[in-house]
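The values are calculated or read from the model by the stated rules, or taken from the named source; none is laboratory data. Here the structure is a predicted model, which means the values were calculated and not measured. For neighbour counting, all protein chains shown are included, and Cβ atoms are generated from backbone atoms with ideal geometry for every residue, glycine included. Just so you know, the surface numbers come from the protein's heavy atoms only, side chains and all, with ligands and any DNA or RNA stripped out. Shrake-Rupley method; radii C 1.70, N 1.55, O 1.52, S 1.80 Å.
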Amino acid sequence: MAGEAAVYRRRLARLLERFPHLGVDAILFFEMKNICYLTGFTGSDGVFLLLPDKGVLLVDGRYITQAREEAPQSYTIQYRDKIGGVASAFGEGGVKRAGFEAASLSVELHEKLRGKLAPCMLIPLTEELTGIRSLKDSQEVLLMRKAADIATEALLQVIELMRPGVEERTIALEIDYRMRALGSEGTSFPTIVASGPNAALPHARPGSRKLEDGDPVVMDFGAVHGGYHSDETCTFVLGRADAKFREVYAIVKDAHDRAIDAVRAGAACREIDRVARQVIEKKGYGPHFSHGTGHGVGLDVHEAPRLSALSDQTLEAGMVVTVEPGIYLPGQWGVRIEDMVLVREDGCEVLTKISKELKII
Ligand code: ZN
Ligand code: ZN
């Protein structure tokens, strides 16, 4: 994580500016990625209370030392039980309307909190908070570049191992191992290596199927660096590419290229999806492109904004999003091509570096 206190102060100030608009005089955070973003604390349990004059980070005994180290600019409190801790942090503070992340608080916890904090009102916040991490600063972009570089290097090493007879899960394990060996803190998500007919499943799990000559192989993978993720998909073909594969690959590549060309600040997210989808629909494969065109990436591998027909968000300079059209032919095979791009005022920069030209290995 970016360790500078100024970074967190800036993030908190941006939120505090919105208090009047949100109609709250405090916000309670339970979502750990948001807490990490706002404080630097990387533990897996805790609560963050943002008050007009300070940020209070509440953790249990397992995390108190880590919290003080990672989030020195927050006021840190150790609790025995979470609800009691939150109630004491509210103290005599006179908070009348406390916002909370509706998406990450269970009904049970909400009921208990409401009882403890009365007469303070709890105000559910949903869309108001989904985009707080969308715009990346230069430090965040640096971490994501590094994550993408690690993933690139790992995949390039693994290409040498890909030949007929090798199991999908061996390839997946090698990608994971090499990413970790190169410094990745984990994998962005369970690595996908899907060969032949398995490649027709957008979220296939790597199994014991052995690669065969002529197989398309979809590989979707990502590294983690400083808590930030990368996300990229390559579809290679083993030994030889027949005419049908070349045709479908060219269509997906065209959809991918045109969508990336359309990415710039001010473009509607649904427009990027439309550009990619239109290329695929015009060639008659519309029903075989069964997911959205992309998503934001950051502390989570899937975060706001979504690049789909249902999105009403607009791209802004500093967002990092994926562009990942695909065509999936059930029982046969599939092709997906995914890059992660940084949105700029006049276009975008592709952060994932592996060439997406047709590759026969
Ligand atoms: Zn992916
Ligand atoms: Zn993705």
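Descriptive notes on the structure:
- Residues that are open to solvent by 30 Å² or more (accessible area, probe 1.4 Å) number at least 3 in the following strands (runs of 3 or more DSSP E) confined to segment 249-361: 347-350.
- Criterion (more than 32 Å from the chain's Cα centre (by Cα) and either surrounded by 14 or more Cβ atoms within 10 Å (Cβ to Cβ) or within 23 Å of Ala13 (Cα to Cα) (or both)) met by exactly one of Leu125, Leu117, Leu105, Leu109: Leu117
- Taking the listed residues Phe189, Phe236, Phe245, the one that is within 19 Å of the chain's Cα centre (by Cα) and either basic (Lys, Arg) or assigned by TED's automatic domain parsing to the domain that holds Leu307 (or both) is Phe189, with no other qualifying.
- Subset of segment 67-85 (residues that are exposed (fewer than 15 other Cβ atoms within 10 Å of the Cβ) and acidic (Asp, Glu)): Glu69, Asp81
- Meets criteria (among the aromatic types (Phe, Trp, Tyr), surrounded by 15 or more Cβ atoms within 10 Å (Cβ to Cβ), under 22 Å from Arg114 (Cβ atoms) and at pLDDT 95 or above) for Phe41: no
- Residue count for segment 77-101 under the criterion of being more than 26 Å from Ile64 (Cα to Cα) and touching a Leu at 6+ places or on another chain (Cβ under 6 Å): the result is 0.
- When segment 220-240 is limited to residues that are open to solvent by less than 20 Å² (accessible area, probe 1.4 Å) and not in a strand (DSSP E or B), the one that is farthest from ligand 2 (Cβ to nearest atom) turns out to be Leu238.
- So Gly94, is it of a type outside the set (Ser, Thr, Tyr), more than 24 Å from the chain's Cα centre (by Cα), open to solvent by less than 10 Å² (accessible area, probe 1.4 Å) and modelled with pLDDT under 95: no
- In segment 1-16, the condition of being in a strand (DSSP E or B), modelled with pLDDT under 95 and open to solvent by 30 Å² or more (accessible area, probe 1.4 Å) is met by no residue.
- Test result for Thr191, without any contact (Cβ under 8 Å) to a residue 60 or more places away in the chain and within 16 Å of ligand 1 (Cβ to nearest atom): yes
- Residues located in segment 177-219, provided they are crowded, with 19+ Cβ neighbours inside 10 Å and of a type in the set (D, E, K, R): Arg178, Asp215
Results for (1) farther than 16 Å from Val24 by Cβ; (2) not in a helix (DSSP H, G or I), shown as yes or no for each residue.
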residue	(1), (2)
Leu38	no, no
Leu50	no, yes
Leu57	yes, yes
Thr65	yes, no
Gln73	yes, yes
Lys112	yes, no
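- Residues located in segment 291-343, provided they are away from ligand 1 (no atom under 13 Å from the Cβ) and hydroxyl-bearing (Ser, Thr, Tyr): Ser308, Ser311, Thr314, Tyr328
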